[in-house]
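Below you'll find the structure, written out as structure tokens, and then a few comments.
Throughout, read-outs are computed from the coordinates displayed, never taken from laboratory work. Small disclaimer: the values here were computed from a predicted structure and weren't measured. Cβ: placed from backbone, ideal geometry, glycine included. Neighbour counts: every protein chain shown.
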Amino acid sequence: MELTTAQNKKRATPGLTPSTVEPLKHQIMATLAQHRMASTSQLHVLLRPDRSRQSVSEQLNDLLADRLVDFVVLPQSSRTRVWYLTPRGARLTRDWPALRGRPPYPITSATAASLKTPHTLTVLRAHLGFVADARRRGDEHGHLDWTPEVFHSIGDGERVVADAVMHYTLIEGQQRRKLRAFVEVDRSTMSSERLAAKLIEYARLWTYEPQPVGRRRQAGNPGWLRWYPVFPRVLVVLTGASRRTMDNRISDLKAMVAHHPIVADLAREVPLGAAVLEDLDGYGPTSDVWVPLAGGTARSWTEL
């Protein structure tokens, strides 16, 4: 499910185009507004992998002195700092164009930050794998192309919450394939049955047609078209358990696709895949590490 367009061969004239590179402080604050929190090393890998980690630390310390960011220290981690925006920093970034329409999630205390840290950092870790892969391949996927905690209504007062929505542009010669994905990061903290049931929620979103009050019912107008030109693929990333346990959880996901009629319908139209986070770290997301949940051999997420 993607859009493909031809590359525009025109190039800006050198020296006549202002730089579009944002200052590092601005990028750090935008990243923390988008992702809620990140460790120093994650910010380094995400924003300035070609420069020293100290260059990122210096900017963070300046922002800390201005009371725009704060941090908590991860336990048993050699004093690893995890950064987040203060309420003052959150207010400052709220109306930035790149973040417009993004609900603010200010973290108001170190205690609140500590409670959110494990899952938030794991979701961001998954993002880093796609960012590094995009750099290596020459694709387009940056620090703001991954939006955590995206909510969509599925009717009856219920909603599906994606751990992240990913936007990725795959560049193949003169062609640009615009790919989108709902990403679920499973740390093995919920039952395998609850994880598999997430596929039902995505199937409900795929079929959900909101009806405006006072208007006649119009079939064939799914609600997701308000945000996406094509329905995003669904990627499940697993970690936090033994390989055997994660393989069993993937088997349960495949069973849901095979036996639930609406999920089976979804799988015929939308790519669904699962992979282990450690494999993404070791081999990269475009390696053959994704298990197609509708059946078949392992492949790249772009070929599901």
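Values computed for the structure shown
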| quantity | calculated |
| --- | --- |
| Anisotropy class of the stretch 33-173 from Cα gyration tensor, a/c 1.5 cut | oblate |
| Nitroxide proxy distance, nm - points 7 Å out along Cα→Cβ at Arg91 and Ser55 | 3.3 nm |
| Under the Karplus curve 6.51 cos²θ - 1.76 cosθ + 1.60, θ = phi - 60°, whole-Hz ³J(HN,Hα) for the stretch 163-179, x wherever Gly or Pro sits | 4, 7, 10, 10, 10, 9, 10, 8, 9, 10, x, 9, 9, 10, 9, 8, 10 |
| [x] 19.1, 56; [y] 28.5, 96; [z] 20.3, 62, with the label sought being that of the calculated Rg and Dmax of the Cα atoms in Å | [z] |
| Efficiency of FRET between Ala197 and Leu144 - r from beta-carbon atoms, R0 41 angstrom, step 0.05 | 0.85 |
| Distance-filtered residues of the stretch 113-153 - backbone nitrogen under 16 Å, label point 7 angstrom along Asp281 Cα→Cβ | 118-133 |
| Vicinal HN-Hα couplings computed from phi for the stretch 241-258 (Karplus, 6.51 cos²θ - 1.76 cosθ + 1.60; Hz; Gly/Pro x) | 8, 5, 4, 5, 5, 5, 4, 5, 5, 5, 4, 5, 5, 5, 5, 4, 4, 6 |
| At R0 = 22 Å, FRET efficiency that the Cβ-Cβ distance of His26 and Arg67 yields, to 0.05 | 0.85 |
| Vicinal HN-Hα couplings computed from phi for the stretch 45-57 (Karplus, 6.51 cos²θ - 1.76 cosθ + 1.60; Hz; Gly/Pro x) | 5, 6, 10, 9, x, 8, 10, 5, 5, 4, 4, 6, 4 |
